[in-house]
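Okay, structure first, notes after.
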Amino acid sequence: MKKNKLKLTYLLRSHWGTLGLAFIAVIFESVTDLLDPWPLKIVIDYVIGSKAMSQKLATVVNTVAGPDKLQILNFAAISVFVIAAVGAVSSYGEKYLTTKVGQWVMHDLRKTLYHHIQRLSLAFYDQQKTGDLISRVTGDIDAVQDFVSQALLGILVNSLTLIGMLTVMFYLDW
């Protein structure tokens, strides 16, 4: 006897493009999470403190802002704004796209389940309570939608951020 199982990958297959854009937004969101403390490091080390900048950082800061401490502080402030703006846009894009995919997956799942329920025999309905069927279908569909729109890429954002933090820590001090 062959069983037809409905897999989540089957429902997500037609939405790979949108999920790809959401994945790009996730990458930008993770990068901005990693860059958040960087402007504060610049202020503490090079404006308040008297550490010497690395050659690469000095080239970038001097090209964009200048060598003066006030100009370095302005560079750090603008960096905070740019990092926050990129993080907000990427977070919004990721949430919007995953919610959109979640809604479409929910629609496709409801349509598939409706067609499946229509094909069941009348004997099946004699044995099952209608309320149980309805509550099971609506509850399961809502659980799938919540997973797709909230957990699927949220897990990825946190995993990429953790991997990035570990990479930065090992790069700075093995």
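The values are calculated or read from the model by the stated rules, or taken from the named source; none is laboratory data. Worth saying up front: this structure is predicted, and the values here are computed from it rather than measured. Quick reminder, even Gly has a Cβ in these numbers, built from the backbone with ideal geometry, and neighbours come from all protein chains shown. Surface accessibility is based on the protein's heavy atoms, side chains included, excluding ligands, DNA and RNA. Shrake-Rupley method; radii C 1.70, N 1.55, O 1.52, S 1.80 Å.
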Label point at W38 placed 7 Å out along Cα→Cβ; residues across segment 81-115 whose backbone nitrogen lies under 15 Å: 81-88
Just how far, in whole angstrom, is segment 85-139 from segment 66-83 if you go by their alpha carbon centroids? 48
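Using a ≥ b ≥ c from the Cα gyration tensor of segment 24-174 (square roots of the eigenvalues), is it rounded, prolate or oblate, where a/c under 1.5 gives rounded and otherwise the larger of a/b and b/c decides, a/b for prolate? Before the final figure, lay out each step's value.
Numbers: a/c = 5.27, a/b = 3.72, b/c = 1.42.
Verdict is prolate for segment 24-174.
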Distance check, please: which entries in K41/K95; K7/K111; K7/K129 exceed 22 angstrom between their Cα atoms? K41/K95; K7/K129
Angle in degrees between helix 16-35 and the longest Cα principal axis of the chain, rounded to the nearest 10: 30
On C-alpha positions alone, give me the angle between the axis of helix 55-64 and the longest principal axis of the chain, in degrees, nearest 10. 90
If you count only protein heavy atoms and use a 1.4 Å probe, how large is the accessible surface of K95, to the nearest 10 Å²? 110
Helix-only [θ]222 nm of the chain, DSSP H runs n ≥ 4, -39500 (n - 2.57) each, per residue, nearest 500: -26000 deg cm²/dmol
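Using a 1.4 Å probe on the protein heavy atoms, what percent of the accessible area of the chain belongs to carbon and sulfur?
Values: 8200 of 12380 Å².
Exposed carbon and sulfur together represent 66 percent of the surface.
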Note to self: with every protein chain in place and a 1.4 Å probe, the chain gives an accessible area per residue in Å² of 71
Taking θ as phi - 60°, what are the ³J(HN,Hα) couplings along segment 165-174 by the Karplus curve (6.51, -1.76, 1.60), each to the nearest whole Hz, with x for Gly and Pro? 5, 5, 4, 5, 4, 5, 5, 6, 8, 5
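Order I48, I141, I24 by their accessible area, 1.4 angstrom probe, all chains in place, largest first.
Working: I48 130, I141 5, I24 85 Å².
Of I48, I141, I24, the descending order of accessible area is I48, I24, I141.
Can you work out the FRET efficiency for the pair N74 and V31, with r the C-beta to C-beta distance and R0 = 25 Å, to the nearest 0.05? The partial results should precede the final answer.
Details: r = 23 Å, r/R0 = 0.91.
FRET efficiency, N74 to V31: 0.65.
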